[in-house]
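Colleague: Here it is, the structure in full.
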Amino acid sequence: MKCARCLLQLQGLRLQGLRLQGLQLQGLQGQSARSRAQQGALLQSSSQPHMLRNTQHQGIRRFHRSPINDKNQPIPIIDEDDNKKDKSLVIHDDLFEQVARETKTKATFNKVVEVFIKQDVRRRGHVEFIYAALQKMPEFGVERDLAVYNKLLDVFPKEVFVPRNFIQIMFNHYPRQQECGVQLLEQMEGYGIMPNVDTKVLLIQIFGVKGHPVRKYQRILYWFPKFKHTNPYPIPKNLPEDPVDLARFSLARIADDRDAKITVYQLPCTDITESGEEITLPHVVGIQSPSQMELLAQHNPSRPVFVEGPFPLWLRDKCVYYYVLRADPVPPEEKVEEPYDPERSLAYPLQLDLDLDRDLGDEESFDVEDLDEGAVFAMCMTSQGDQAVLNQWVSGLQQNNPILGRVPTLFRLEQGPRELQGAHKTKSDHQHRPDPQTQREEEKEEVSVEEEPRRSQGMKQ
């Protein structure tokens with residue numbers, strides 16, 4: 001009787017286990033027929049007589065889905081660089097565009113910084129925001145404002161990146177944040193901005209006394225005063241906006257002669273042709289010193305002079321272009337040695353006759369490389385470097401240099417920017433640039449010496 005009861009109990013337990021297993025199998029999704037067949041085989045084997053004894057001591061186990069099946073599913077690839085790029089270039093740029101839609105001024109820039117500070121107390125993403133703000137500063141016109149840089153430093157969390165021991169100091173504690181602080185100071189250095197005491201206090205609160213940004217701050221304070229007045233020809237911070245005034249300043253800087261005279265041959269103006277069309281005439285500004293006039297008067301009329309350019313000249317963030325009137329070097333057989341005038345230059349003597357005792361080890365011969373580039377007779381700047389415009393400049397030079405009427409004038413104009421940067425582009429029908437074919441023909445005429453060069457008088461219209 002006991003054996004029969006045990007068998008009945010085992011059969012009841014088996015039936016309950018089968019019901020539970022069936023419900024669990026219905027809830028599973030994505031199982032293949034092969035796995036179901038294996039589970040059925042396991043259920044059949046559990047009903048065999050030699051397994052009945054084990055079921056008395058062990059409860060029926062439930063089926064759980066194995067995590068191995070999840071490995072077959074495709075895993076989405078996430079690029080960390082793309083996420084960083086989206087955070088820095090998209091999110092923060094959108095923040096600047098949303099706040100400053102109409103006008104981009106210092107007030108709107110400070111407003112964007114305040115909005116970011118109020119968004120999160122922990123200042124998440126502050127490094128990306130500072131990098132984006134440094135790129136946007138020229139657009140808002142605050143790249144030379146010290147107060148704005150201090151406000152950006154205030155975005156860093158305080159007393160979080162300060163090293164606590166010498167090991168953290170040695171191993172560059174929080175390198176990403178320190179590099180961001182150094183980059184901010186380097187941009188200040190590039191624009192010539194001297195940090196103040198507020199900058200030092202902020203850097204010490206953020207990175208500590210031994211941080212790299214604080215060392216960068218100390219180097220700036222050491223070297224800036226030393227190089228502040230070393231340039232003998234300083235450039236003003238605000239360059240003139242008028243192209244004529246900018247040309248005057250640039251030519252006076254190139255000439256380096258107080259006796260040089262600047263002449264405005266033509267001012268920018270608008271003229272109306274016979275057909276009723278408006279034409280904008282470019283400006284032409286030239287410079288020539290008395291010594292250059294003497295050299296031009298002594299020039300051999302049988303040898304041509306050349307108009308060459310454009311040559312670039314950088315004035316802070318502006319680039320201007322100038323043209324020169326020069327000649328080839330004089331051959332050695334035609335050189336005439338003039339007697340030395342001791343009173344020509346009293347501040348800088350041109351010749352020294354010193355009777356000094358020489359030692360046995362002194363060498364009397366020196367390896368000096370003499371390079372003769374030819375004389376430069378005049379320089380000019382114009383907003384349109386066409387041959388017709390430069391011919392007007394040469395014609396204006398003939399008033400004080402009559403020898404130009406007897407000297408052939410050739411043009412060696414290179415292809416490239418021929419306008420003052422920032423000046424208005426001028427278009428004229430009678431002063432247009434020649435076609436490429438005509439330019440090639442003119443270059444061939446200039447290179448060939450056998451052909452007779454055109455004289456400056458024949459170029460006048």
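Colleague: When the chain is fully extended, how far beyond the present Cα-Cα distance does Arg14 get from Glu179, taking 0.36 nm per residue of separation? Mind dumping the intermediate values first?
Modeller: Numbers: separation 165, 0.36 × 165 = 59.40 nm, distance 6.91 nm.
Here the answer is 52.5 nm.
Colleague: Another question, if that's okay. Calculate, in nm to one decimal, what Asp198 and Gln135 gain on full extension: separation in residues at 0.36 nm each, minus their alpha carbon distance.
Modeller: Answer, rounded to one decimal: 20.4 nm.
Colleague: Rolling a 1.4 angstrom probe over the protein chains, ignoring ligands and nucleic acids, what is the accessible area of Glu114 in square angstrom, nearest 10?
Modeller: 80 Å²
Colleague: Could you rank the peptides 199-209, 183-193, 328-338 by their average count of other C-beta atoms within 10 Å per residue, with the highest value first?
Modeller: Ranking, from highest mean packing down: 199-209, 183-193, 328-338.
Colleague: While we're here: For the range 82-228, what relative contact order do you get, as a whole percent, if you take Cα pairs closer than 8 Å and at least 6 residues apart? Present the calculation step by step, with values, prior to reporting the outcome.
Modeller: On the way: 130 pairs, mean separation 33.4, N = 147.
That works out to 23 percent.
Colleague: Would you work out the charge dipole size for the range 82-228 about its Cα centre, treating the Cβ of every Lys and Arg as +1 and the Cβ of every Asp and Glu as -1, and quote it to the nearest 20 debye?
Modeller: 560 debye
Colleague: Starting at the first residue of the range 375-388, write each ³J(HN,Hα) from the Karplus equation 6.51 cos²θ - 1.76 cosθ + 1.60 with θ = phi - 60°, in whole Hz, x for Gly and Pro.
Modeller: 7, 9, 8, 6, 9, 8, 9, 8, 7, 9, x, 7, 5, 5
Colleague: I would also like to ask the following. List every residue whose amide H lies under 5 Å from the amide H of Leu315, counting only residues 5 or more places away in sequence or on a different chain, with H placed 1.01 Å from N in the peptide plane.
Modeller: Val320
Colleague: State, to one decimal in nm, how far the label point of Cys319 lies from the label point of Arg219, with both points 7 Å from Cα in the Cβ direction.
Modeller: 2.8 nm
Colleague: Okay, next question. Just want the answer: with Cβ charges of +1 for Lys and Arg and -1 for Asp and Glu, which residue in Leu202, Cys180, Ala133 is farthest toward the dipole's positive end in the range 82-228?
Modeller: Going by the Cα projections, it comes out as Leu202.
The values are calculated or read from the model by the stated rules, or taken from the named source; none is laboratory data. Predicted model, so just to flag it, every value in this text is computed and none were measured. Neighbour counts are summed over all protein chains in view; Cβ atoms, including those assigned to glycine, are modelled from backbone coordinates with ideal geometry. Protein only, heavy atoms only, side chains kept; ligands, DNA and RNA dropped before computing areas. Shrake-Rupley method; radii C 1.70, N 1.55, O 1.52, S 1.80 Å.
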